[in-house]
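The structure appears right after this line, and notes come after that.
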Amino acid sequence: MSSTRKLRILVAKPGLDGHDRGAKIVARALRDAGFEVIYTGLHQTPEMIAAAAIQEDVDAVGMSIMSGAHMVLMPAVVDLLRARGGEGIAVFGGGIIPDDDMEALRAKGVKGLFTPGTPLAEIVDWINANVTPRQ
Amino acid sequence: MRDIDDGMPGAVDALKALYPRTGRAHVVGVTGAPGTGKSTICDRLIGSFRAEGKKVGVVAVDPSSPYSGGAILGDRIRMQEHATDPGVFIRSMATRGHLGGLSASTGDVVRVMDAMGMDVVIVETVGVGQDEIEVARTAHTTVVVLVPGMGDDVQAIKAGLLEIADCFAVNKSDRDGADKVVRELQVMLDMRPRREGDWEPPVVKTAAIHGEGIGDLRGALDRHAEWAAGSGRSGQVLTDRRKSELGEIMRGMIAKAVERRIEAYPGGIDGLANDVRAAGKDPYTAAEEILKGAMDGLKESGGR
């Protein structure tokens, strides 16, 4: 098709833990859902993620954090994106996130949050419902 | 870049406006089979250009899934070191069904980076086989990356990929068999017909993961750029570049016009196929009709 927007999504693995199986499985599921997924690998700083999101002109950034640092790293990415003109980029995340933290993260602009065991289709549905190609 | 990749109306006007600013960057293509180390070589080349303060753009192409249309673009993983360097701009692109090793919009995105003031634009192709040689039309200097153990010496005399190289990088040269690959390439190069003053593609051994041989590769790229700019050659080189640019843009516009025409057909390509079958029409006639409609559409839209 000649002029159709295709969703571009950055999947990143910030922080120090090395468990990227989940991130890779999500990346694969998003590919199979027809999205273009930019996967940047392990040990990303919020600065690296924000820079990549801007250069790649993505519609959404998904982060996987297993180390418990989600309260610092996820809002940091939201803030950096806003500072660089990427406020329209939806931010979502997955990992071991206690219920108490979820509300706080949503308030800070992390729109979608997924815990272990979430069916992949739920993540895809969330993206289709909440992420639109940026103009 | 997004508008260009998505073929949005207005993208062509933007490209026209920035075209006068293009033509300064050295466009380096890096191609080779999957897993030969193209991304790692790109990463090291970025470092080498950055050491001289040169601004570097990278267009990294990975394949789209033929089934879902989705893609995993993973070339950035090897270029982490440069993620936050403001002098480096990396853009990942999916082929979106385009064959030849690049995406249909790669040439346009390269021109945007050129106009952005990048001194060097590196184009990394998808992992290619033997015949995906489009990068040679987009790049000024094409590096073909090989690794030991990919086949016997008959592979080296086949046509295609090996003929487009301005420079060979025999990567993973810390492995057995690297010297044999170098020898075979050199024999192949010695046998090829050539004229006085032709460029002699150098064969460089690299082990990009360890940073070995990158200085030699850089030297080869710079020498090729100098040779291309050298007296007597530069006119022909510039004409050749205009030629391939024109061909690429025209093919792109025609393809887009045809796609639009098919989309506008009731039921799209499926509807068209059904109608052709129902009417007992041959596909050549149907294709001619679509093409004619596409050309009429082009006249109105001016290729946008």
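Structure notes:
- All-pairs Cα distance distribution in chain B, expressed in whole percent, bin size 10 Å: 6, 25, 32, 22, 12, 4, 0
- In region B:189-268, the GluC sites (Glu not before Pro) that fall in loop regions by DSSP, at most 13 other Cβ within 10 Å: B:Glu196
- Ordering B:Met188, B:Met79 by accessible surface, largest first, gives B:Met188, B:Met79; the 1.4 Å probe counts only protein heavy atoms, with every chain in place.
- Once the Cβ-Cβ distance of B:Ala229 and A:Arg21 is raised to the sixth power relative to R0 = 51 Å, the FRET efficiency obtained is 0.55.
- Quarter of Cα convex hull surface for region A:8-130, i.e. mean projection, nm²: 6.4 nm²
- Put simply, the amide H of B:Ala60, placed in the peptide plane, has neighbours under 5 Å in B:Arg91, B:Ser92, B:Met93, B:Glu124, leaving out anything fewer than 5 places away on its chain.
- Cα centroid separation, region B:223-245 to region A:1-63: 39 Å.
- Springs join every pair of Cα atoms under 10 Å in this Gaussian network model of chain B, and among B:Ala25, B:Ala286, B:Ala94 the largest mean-square fluctuation is at B:Ala286.
- Relative contact order, percent, region B:240-301 [alpha-carbon distance under 8 Å, six or more residues apart]: 39 percent
- Among B:Ile46, B:Ile133, B:Ile209, the largest mean-square fluctuation in a Gaussian network model of chain B (Cα springs under 10 Å) belongs to B:Ile209.
- Apportionment of accessible area to carbon and sulfur, region B:240-301, percent (1.4 Å): 61 percent
- Separation between Cα centres of region B:256-297 and region A:78-132, rounded to whole Å: 43 Å
- Extents of the protein assembly as shown, largest first, come to 75, 63, 43 Å (Cα atoms, principal axes, whole angstrom).
- Rounded accessible area per residue of region A:8-130, 1.4 Å, Å²: 41 Å²
- Antiparallel bridges, percent of DSSP beta bridges restricted to the protein assembly as shown (to nearest 5): 5 percent
- With Cα atoms, 0 to 90° folded angle of helix B:38-50 axis to chain B main axis: 70 degrees
- Cα centroid separation, region B:36-104 to region B:180-210 (Å): 25 Å
- Relative contact order [Cα under 8 Å, 6+ residues apart], region A:8-130, whole percent: 26 percent
- Around the amide H of B:Val121, modelled in the peptide plane, lie the amide H atoms of B:His26, B:Val27, B:Val28, B:Gly57, all under 5 Å away and 5 or more residues distant in sequence or on another chain.
- Those trypsin sites (Lys or Arg not before Pro) in region B:1-60 that DSSP places in a loop and that have at most 11 other beta carbons within 10 Å: B:Arg24
- Degrees between helix B:214-229 axis and first principal axis of chain B (Cα, 0 to 90, nearest 10): 60 degrees
- Per residue, the accessible area of region B:2-231 comes to 43 Å², computed with a 1.4 Å probe over protein heavy atoms only.
- Rounded accessible area of B:Ser231 (nearest 10 Å², 1.4 Å probe): 120 Å²
- Relative contact order, percent, chain B [alpha-carbon distance under 8 Å, six or more residues apart]: 19 percent
- Computed extension length for B:Arg242-B:Gln130: 37.8 nm, one decimal, from 0.36 nm per residue of separation with the Cα-Cα distance subtracted.
- Against chain B, whose longest principal axis is taken from its Cα atoms, helix B:106-115 shows a tilt of about 70°.
- Between B:Ala169 and B:Val144, B:Val145, B:Leu146, B:Val204, the built amide H atoms are under 5 Å apart, and every one of these is 5 or more places off in sequence or on another chain.
- 3J(HN,Hα) along region B:116-124, derived from phi through the Karplus expression 6.51 cos²θ - 1.76 cosθ + 1.60 where θ = phi - 60°, amounts to 5, x, 5, 6, 9, 10, 9, 10, 9 Hz, with x in place of Gly and Pro.
- A Gaussian network model of chain B, with springs between Cα atoms under 10 Å, assigns the largest mean-square fluctuation among B:Val258, B:Val27, B:Val143 to B:Val258.
- In sequence order, calculated HN-Hα J values of region A:84-93 (Karplus, 6.51, -1.76, 1.60; Hz; x Gly/Pro): 10, x, x, 5, x, 7, 6, 10, 9, x
- When chains A and B come together, the accessible area they lose, probed at 1.4 Å and totalled over both chains, is close to 2600 Å².
- Surface share of carbon and sulfur [accessible, 1.4 angstrom probe, percent] for chain A: 55 percent
- Solvent-accessible ranking of B:Tyr67, A:Tyr39, B:Tyr284, B:Tyr19, largest area first, probe 1.4 Å: B:Tyr67, B:Tyr284, B:Tyr19, A:Tyr39
- Region B:240-301 gives an Rg/Rh value of 1.10, both radii derived from C-alpha positions and Rh following Kirkwood.
- Across region B:70-87, computed HN-Hα scalar couplings (Karplus, 6.51 cos²θ - 1.76 cosθ + 1.60, θ = phi - 60°) run x, 7, 10, 9, x, 5, 4, 3, 7, 10, 3, 4, 9, 4, 10, 6, x, x Hz from first to last residue, x flagging Gly and Pro.
The values are calculated or read from the model by the stated rules, or taken from the named source; none is laboratory data. All values derive from a computational prediction rather than experimental measurement. In this analysis, Cβ positions are derived from the backbone assuming ideal geometry, glycine residues included, and neighbour counts consider all displayed protein chains. Ligands, DNA and RNA are stripped out before the accessible areas are found, and what is left, the full protein with its side chains, is counted by its heavy atoms. Shrake-Rupley method; radii C 1.70, N 1.55, O 1.52, S 1.80 Å.
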